[in-house]
Structure formats: C-alpha cells, structure tokens
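Contents: one structure, followed by commentary.
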Amino acid sequence: MNEKYSPFFYASDVVYYSVGYAESSNTQFNSIVFVEWDTYFKQSVPSTNLKYLLFISGVNSIDSVDHYVNGLSQSIPKGFTDTARSSLTGKKAKQFFDYLKLARECESYAVNDDWSSWDTVRRHYANADLEPRLLTAFHSAKDRFIKERLWFQLVRYYFFSGDADNSDLVVKIFDQYKNNFPHDLMWYRSLGYVAGHYYAAKDFARANYLYSLCYEFSNNLKIPSFWSFHPQEEADWEQTLKLARTKAEQVTLWQMLGAQQDAGRAIRAIAQIDPSSEKLDLLLSRLINSRESVTQPSDYYGNPDTVLQSDDLDKKVVEELAQKGNTARPYFWNLAAGYLNYLDSNYTAAAEFYAKAKREFPGNDTLVVAQSKVLDILLQVGTLKKIDGSVESRLIAPLNWLADLVAQRSKVENLRFANAVEDCTARLSRLYLEQGDPVKAVCFKSNTGSEVYQNSVRTDALIALLKKTDPTPFEKVMLRYYPYSLNDLYYHQALRLVYLQQPNAALHFLEKRSAKDTPLYGNPFNSRLIDCHDCDHAEPQKQKFTPLKFVQTLANIQAEIGRGKQVYRNAFLAANAFYNITYYGNARLFYEFDIATGSSYGYVDPDSLDHQYYSMSAALKYYKLALKYATGEEQKARCTLMLAKCAQNEIFNLADYDEVRPAILMDIAVDNAALKRYYGYFDELKVKYSQSAYYKDIIKECGYFRMYLKQDKPLERGKKNEMH
C-alpha cells in the first residue's frame, strides 16, 4: 500500500496511525518552507541563519539582521552567526527582508500559541492596518516567488479579518489571481483557506470538495485536509459528489468519507467507479482494523465467546471483490475475505480464500507472504479442538517462527504479528487447561497460572520442566513463550512457604537462586503506631534486609521462640514481620517480586481481597503470643494496639464491607466478629492500659481511637490511610 496513506490506518487509541496526534499546525510546514527559501537563495545562506530568520526571529530581530548585513549596524543580533554577511545582501535579500517583516506580523493572528487540546479554540483576528500594506506589497512585487507568498498572506488575511463585509474577499482574491501561479503547495495552502471560508459560511458541500483537492495534491496537506473534512448531512454529501469533475475526484471523496465514517459504504461506492483504484486498499485496511478493535478471535484468556460477527454487508463486498479479482491487488482482498471468515469461525471459507490469495502473490513481496503465514498459523490454531502429540509436532515449526519474530531473531519490516501471537498462545493455553494440563497452559499464558502457582506440586513440575536437560522439541518451543525463570519460580515457592509460616523451609528455595536480591525499602521487623510506609523507608537503617536476609532472620526468630528464649521480644518481631509483608505493611516489595501476583512486576490489585497478602492471621497469632508473654502495661498496650490494627485490616478485607459500614457509622451493635474484635481491643486499651504512656501516644496519634472515646466509631474504607 502507498505509504502516503499510512497515517489513516485505523487505530482506536491515536488520531493518526504511527503519528499520534497531528503535528502542530504552527510548525507542520516549517521543513518545506525552509527548503523552498533555501532553493530560492540557491543554498547561499547558511542554514542556521536562514532557520533563525524564518522561524525564530521577531520583527525587531529581522530589522537588526537587515541593518547588520547591510553595514548599517555593527551589532550582531543574538542567535545570528556572523559567517556570510554578503549572502543576505542584494535585491533578493531586500525582497526577502521586506516580505519576512510583513509575514511575521501576520503570524499575530495566524499562529495560535495559547491553545491546549482541552481548551476552546479562540480565533484571533487580523489587524485592519495590515490590509493596505499587504496589498501594496503584493501589487508592487515583481518576483513571482515572493508575489505568490504575498498572495497567500492576503488570502489568509481576509480569512482572519473577522469583518463580515469582507468575508467574500477570501474567494475574490483567490479567484482573481489563481491562474497567475503554479499549482504548487503554496497554491493549495491558499485553497485550504478558501475551503475554510466556505465551511464557516456553512457551505459544507463546497468546503469538503475543496478540502479533498488539497488532500489529493500532497502528502503534506493530507492530515490538515482530512482533519477539516466534515460532511454534515447526506444532502450536503450528495452535493459534494456533484461538484467532483472527474471519477478520480469522486474516488478521493469516497476514500475520505470512508476513512472517517463508513469504510464499507465507501468500498462499495469506489468499486462501482474504479475497482482498480489504490484508494480501496486503505479502506480495506480500516475495515479490517476496526473489526479487530471491536473483538479479537479470543479474549485475553482464550475464551471464544467474545467473538462478534462481521457486518454482513461489509464482508459480502470484500468477498465479492475478492472473487471478481479486478482490484489492483487481488490477493489483498482474498486474504481479507479469508480473515473476516476466520473471525466469524467460518474456517473452511477462510482456508479457500487464503489458498486463492497465495496463487496471486507477487514473487518479491516478502511482507505479504509473511502476513499470509501469520494468518495460516491463526487458522491452524483456531481450528484445534484438542492437543495431542501429533498436533504438538505440527505446531513446532509455526510456533518457532512466531517466537523468532517476537525475539527479533528474524524481522519482516511492517509485519503485524503481536495480536496473532497473543491469540495463538491464549487459545493453546485454554485448550491445555480444558485437557487438565495447567503446567503447559501456564507456559503459553503466564496469567493463567493460578492452578500452578497455588499448588506446590504443579509448581515443582514446572521447575522440573525448566530444569530438563533433554527437553523435547515441542517443550523447547513452548518454553520460549514462558516469561519467567527458575529464579522466579524458586522465589515463588519460598514466598508460599513464608506465608504458611514456614520460613525455614522457604530458605531451601531462596538459597537455590542465583539472582541478586534487591533490599527491602524499610525494616520489616519494625512497627509504628500509625502505619507510614514512606516514613519507614526514609528511616536510617543499620541493617538492610534483602528477602533472603529477612527470611533467615525470621527463621532464627521462630527457632528462638521454639526454644522459649525472649518470647515476648521474638513474638513481637515475628508479628511485625508478618504484618509488614501484607498489603498494609512497609515491606510490600517482598511479595511484589512474586510471579503469581498477576503482572510482570507483581502489582496486586488492592480490591482483590482474597489473597494471602491481605491476611492478618499470622500477625494476629504472634501479637497474641507477644501479649501473653508481655510484662508491664507499656508492652501490653503496644500489643493490644497492634491487635486492633490487625482487626481493623480484617474489616477492610471484608467482602461485605459496604454492608458493615452503615452499622459502623450508626454505632449500633452488629454480629460481625471482626468488628467485635476491633472494638474489644479498644475497650481493653481504655480499661486496662489508660495509665500507660503509650496510651497517651495512641490518643495523640490515632483519630479512630479518639472517635471511639467519643462514642463515635466510623471506620471508612476511604479513610484507611489515616491509620495505615
């Protein structure tokens, strides 16, 4: 396809494909303007000086340069280099400086620097005193290059004049001199303002026709013309079509309409006018891509029930053109017809269209051959009902080919294959899950790994697979799609055991890792009255705890408790550790390295509360043990406050929190066990430890406790960061 149409490929997330948002209208012609003036001066003016004068200097700076190069001043203007003073002297230079000063004044209304994408566009208006000076300069100019630019400035001036009585002068000045100049870019830029005049006058038919002429003339005008092209009603669209003088102009109009509104309708219209037009290819691309944006042949997990049927009329016209074979590239249309049938699960028809396309391929088009291969692989995987050894053997070559593309071991420029890889791996993963093989399923789709990662036997099976010294050819290619390493799996197994309160067993896996540990941000054995992760992370730390050092220390603490040594101190440290490695603690990084958390970096959705990383059970166990062995009110108050915090977190974890919340706010009795524990611990603090110094710290720091003392007990989920 002609590259000039590539910005108009369909993409749901950007305005223009591969361009993003449109180039600033203030600067989009700068490179062309520079080349035109550089040619005018026959490359005699240093490019830095010419760019400075054209795009940076103000009116006063232009005057200063003019005086300097003509010997009227010895002061070199800032930004101008003293390299070739003589290159800007003479008749051409004088005409240039005179024109440039006027042009810079015109920018006061034509260049809009105070607009942002979310603002309402504020149109600037031209100063009336410019009109006579522009007219005088235009009529006196002899150089046609300069004169054309002054004509452009006049057309633009009248467009921005804001004077209703003068509005028709845009058309008048254009029509009066349009035959005096070559139909070059400047001519069509002038025509664009005429189109804008008609659009402002609500003559949409004529405006859109003129925009289509600009669009067709030059790649440089395609984006601004397409942006301005807006058919309003069917009646004005019909009138626009009548203005077209040739079939080629009709085809351009239909292409622009199809790229904006209805690709299928435009394809049908162009096929009647000129089925061999290259403009059909763009619309075919948009039709296919817009269908893909609505649905893929499988969703993220490989489920087929999200497939939507193609628009019957659109698919029918693609099939008809494919069967007639009278387009410029018949194989495009056969591939497209096959793909639309594939998306509708009409696999037999898809295969027939693909086979016909291959017979029509040009011999030297590696891109279309590669794209055909991608479609063949999608079809091959899409038709699978089950996977056995023979199927796996047939999949080795295509899966290796796709993996080579992903790894960039082989490259085909402009080949689209990412979605195909996603669809193939999702479907294979789903089939393996249905067949009871979650280990192979997770190799193709790592986010389907809950059945593996939550089961140590299956995780061990995955570890064994990665450690195999003689994997089968299929296992080799399958593991090319698995994104994690043995180190990642060892860490996951270790984490699972830590949360099961078995740190000593976890060390067996952590010590197998060859990866270097990243230190945790805060000390996981510390606690605060009010949780503040950033505060903990900013605290000076005598010892940095890596995950390995943390688990080793936790294992030693557990061993000390088992031997009955310093039980209060060790139990409190263990409780802090198990608290801090939850969502509520200062050591979230500990579990964010885990592959089982749902993303490549291990982010855990805070609203997903059915996870071990939210559980307070281990922390509660050890805070209760610490309380049992505590001596003195200060230690007991500290333990009781931490127990209250654990109970509070349990309330945040409740699936039916929205039902519990009204009861909290209304301060009425409820049967919720977590609520009873929460207020029970506050009761203990008030009754048993009100004489302790720590009790005074609690009142000072904890807003929830102050509310409790006032018999007002709100515990709003939205305010949990006040305490945590």
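The values are calculated or read from the model by the stated rules, or taken from the named source; none is laboratory data. Here the structure is a predicted model, which means the values were calculated and not measured. Methodologically, a virtual Cβ is constructed for each residue, glycine included, from the backbone with ideal geometry; neighbour enumeration extends over all protein chains shown.
PHE226 meets each of the listed conditions (1) assigned to a helix (DSSP H, G or I); (2) out of contact with any strand residue (DSSP E or B) (no Cβ under 9 Å at 6 or more places or on another chain); (3) not polar (S, T, N, Q) apart from (2).
Does TYR432 count as in contact (Cβ under 8 Å) with a residue 60 or more places away in the chain and either under 30 Å from the mean Cα position of the chain (by Cα) or surrounded by 14 or more Cβ atoms within 10 Å (Cβ to Cβ) (or both)? It is false that TYR432 is in contact (Cβ under 8 Å) with a residue 60 or more places away in the chain and either under 30 Å from the mean Cα position of the chain (by Cα) or surrounded by 14 or more Cβ atoms within 10 Å (Cβ to Cβ) (or both). Can you find a residue that is under 25 Å from LYS467 (Cα atoms), in contact (Cβ under 8 Å) with a residue 40 or more places away in the chain and acidic (Asp, Glu) anywhere in the range 531-538? No, the range 531-538 contains no residue that is under 25 Å from LYS467 (Cα atoms), in contact (Cβ under 8 Å) with a residue 40 or more places away in the chain and acidic (Asp, Glu). Entry remark, the range 440-462: residues being of a type outside the set (D, E, K, R), in a helix (DSSP H, G or I) and buried (at least 17 other Cβ atoms within 10 Å of the Cβ) number 10 in total. When the range 435-472 is filtered for residues that are within 34 Å of the chain's Cα centre (by Cα) and under 19 Å from GLY389 (Cβ atoms), the ones remaining, listed by number, are ASP437, PRO438, VAL439, LYS440, ALA441, CYS443, PHE444.
Would a scan of the range 518-527 turn up a residue that is among the hydrophobic types (A, V, I, L, M, F, W, C), touching a residue at least 12 places away in the same chain (Cβ under 8 Å), in a loop (DSSP other than H, G, I, E, B) and under 27 Å from TYR584 (Cβ atoms)? Taking every residue of the range 518-527 in turn, at least one turns out to be among the hydrophobic types (A, V, I, L, M, F, W, C), touching a residue at least 12 places away in the same chain (Cβ under 8 Å), in a loop (DSSP other than H, G, I, E, B) and under 27 Å from TYR584 (Cβ atoms).
When the range 489-511 is limited to residues that are touching a residue at least 24 places away in the same chain (Cβ under 8 Å) and surrounded by fewer than 18 Cβ atoms within 10 Å (Cβ to Cβ), the one that is farthest from LYS621 (Cα to Cα) turns out to be GLU511. Pairs meeting the criteria (first residue in the range 90-108 and closer than 13 Å to ASN70 by Cβ, second residue modelled with pLDDT under 90, beta carbons under 6 Å, at least 6 apart or on different chains) are PHE97/ASP66. Of SER212, SER140, SER228, all but one fail to be at pLDDT 95 or above and either at positive phi or touching a helix residue (DSSP H, G or I) at 6+ places or on another chain (Cβ under 6 Å) (or both); the exception is SER212.
Condition check ((1) assigned to a helix (DSSP H, G or I); (2) within 22 Å of ASP531 (Cβ to Cβ); (3) in contact with a helix residue (DSSP H, G or I) (Cβ under 9 Å, 6 or more places away or on another chain); (4) hydroxyl-bearing (Ser, Thr, Tyr)) across all residues:
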{"site": "LYS549", "(1), (2), (3), (4)": "yes, no, no, no"}
{"site": "GLN552", "(1), (2), (3), (4)": "yes, no, yes, no"}
{"site": "ILE557", "(1), (2), (3), (4)": "yes, yes, yes, no"}
{"site": "GLU560", "(1), (2), (3), (4)": "yes, no, yes, no"}
{"site": "ARG569", "(1), (2), (3), (4)": "yes, yes, yes, no"}
{"site": "ALA577", "(1), (2), (3), (4)": "yes, yes, yes, no"}
{"site": "THR582", "(1), (2), (3), (4)": "no, yes, yes, yes"}
{"site": "ASN586", "(1), (2), (3), (4)": "no, yes, yes, no"}
{"site": "TYR591", "(1), (2), (3), (4)": "yes, yes, yes, yes"}
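Residue count for the range 192-203, restricted to those that are of a type in the set (A, V, I, L, M, F, W, C) and surrounded by fewer than 21 Cβ atoms within 10 Å (Cβ to Cβ): 2. Consider ALA248 carefully, then state whether it is at pLDDT 90 or above, surrounded by 18 or more Cβ atoms within 10 Å (Cβ to Cβ) and among the hydrophobic types (A, V, I, L, M, F, W, C). In short, no.
Residues checked against (1) more than 40 Å from the chain's Cα centre (by Cα); (2) part of a helix (DSSP H, G or I):
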position: VAL171; (1), (2): yes, yes
position: TYR177; (1), (2): yes, yes
position: ARG189; (1), (2): no, yes
position: LYS202; (1), (2): no, no
position: ASN208; (1), (2): no, yes
position: ASN220; (1), (2): no, yes
position: TRP237; (1), (2): no, yes
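Within the range 224-239, being without any contact (Cβ under 8 Å) to a residue 12 or more places away in the chain and among the small types (Gly, Ala, Ser) holds for one residue alone: ALA235. Screening the range 650-696 for residues that are of a type in the set (Gly, Ala, Ser) and at pLDDT 90 or above and picking the one that is nearest to ALA619 (Cα to Cα) gives GLY680. Scanning the range 212-223 for residues that are in contact (Cβ under 8 Å) with a residue 40 or more places away in the chain and under 18 Å from TYR198 (Cα atoms) gives SER212, TYR215. Of all the criteria given as (1) more than 21 Å from TYR613 (Cα to Cα); (2) in contact with a helix residue (DSSP H, G or I) (Cβ under 8 Å, 6 or more places away or on another chain), the one not satisfied by PRO540 is (2).
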